[in-house]
Amino acid sequence: GEDVEQSLFLSVREGDSSVINCTYTDSSSTYLYWYKQEPGAGLQLLTYIFSNMDMKQDQRLTVLLNKKDKHLSLRIADTQTGDSAIYFCAVVYSSASKIIFGSGTRLSIRP
Amino acid sequence: DAGVTQSPTHLIKTRGQHVTLRCSPISGHKSVSWYQQVLGQGPQFIFQYYEKEERGRGNFPDRFSARQFPNYSSELNVNALLLGDSALYLCASVGGAKNIQYFGAGTRLSVL
């Protein structure tokens, strides 16, 4: 079946790097996304990676994909207080034209 | 260039009532997806529509239905509301060469 898992919480010190991890079960994924959700708001697309790529870098964000282990990670460099939010990993399965979301990782920043 | 717009932003209903939520996609996008996000969880896929036809359906009861109009806007209807239907309902506009899903701010439904 299709399942996406994330750890629930992550706490980092301001200025450090944050690494949020995600694992998925079905290997028929096409795209994999990272979304950010702030309190009371909708989902903001941060970045995405195609399943035929290993890495993508976009300013402070680095996405790593290990297809063999079905593992996806998001690294945020120089984490700031504005990065506090819930981060969702999401996997697109072409067979059903739908996205499966993880349960989200709440990132908190320590001063 | 307007993003994804959803209305209303908040809604309070009682058990057994019916609700209609609305979504307008990004100009040029022909596909819309609907998601339910219960507090503390990730969004759950409900429907996807493309060119007014249903392209995918999640594991939701028949009380949930949707449609897409010729201008590509969409409605999500929920009948016989239950307390458990209380959630944030998100609409995603799907388009571009990569079929990226862009989300609206959502409609927060409370069922009392």
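Some notes on this structure:
- Share of alpha-carbon pairs per 5 Å distance bin for the protein assembly as shown, given as whole %: 1, 7, 15, 18, 19, 16, 12, 7, 3, 1, 0
- Each residue, B:Ala80 and A:Ala41, gets one label point 7 Å from its Cα in the Cβ direction; the gap between the two is 3.9 nm.
- Extension gain for A:Ser27 to A:Leu8 (0.36 nm times residue separation, less C-alpha to C-alpha distance): 4.5 nm.
- Computed over chain B, Kirkwood Rh from alpha-carbon pairs, angstrom: 13.9
- Within segment B:37-79, the ratio Rg/Rh, alpha carbon atoms throughout and Rh by Kirkwood, equals 1.00.
- Compactness ratio for segment A:1-53: Cα radius of gyration over 2.2 N^0.38 Å (N = residue count) comes to 1.34.
- For segment A:7-69, applying the loop criterion from DSSP together with a ceiling of 11 other beta carbons within 10 Å to the trypsin sites (Lys or Arg not before Pro) yields A:Lys68.
- Model label zone, A:Thr81; criterion: amide N under 16 Å from point 7 Å along Cα-to-beta-carbon; scope segment A:1-33: A:12-16
- Summed residue charge, Cβ within 14 Å of A:Lys98's Cβ, Lys/Arg positive, Asp/Glu negative: -2
- Rounded to the nearest 20, the size of the Cβ-charge dipole of chain A about its Cα centre is 60 debye, with Lys and Arg at +1 and Asp and Glu at -1.
- Straight-distance crosslink candidates among lysines, where the alpha carbon sits under 26 Å from A:Lys56 and sequence neighbours closer than 8 are dropped: A:Lys36, A:Lys67, A:Lys68, A:Lys70, A:Lys98, B:Lys98
- q = 0.09, 0.19, 0.23 Å⁻¹, chain A: log10 I(q)/I(0) [Debye, one scatterer per Cα]: -0.21, -0.93, -1.32
Any read-out appearing in this document is the output of simple, stated calculations on the displayed coordinates, not a laboratory observation. Since this is a predicted model, take the numbers as computed values, not measurements. Backbone-built Cβ (ideal geometry, glycine too); neighbour counts: all protein chains shown.
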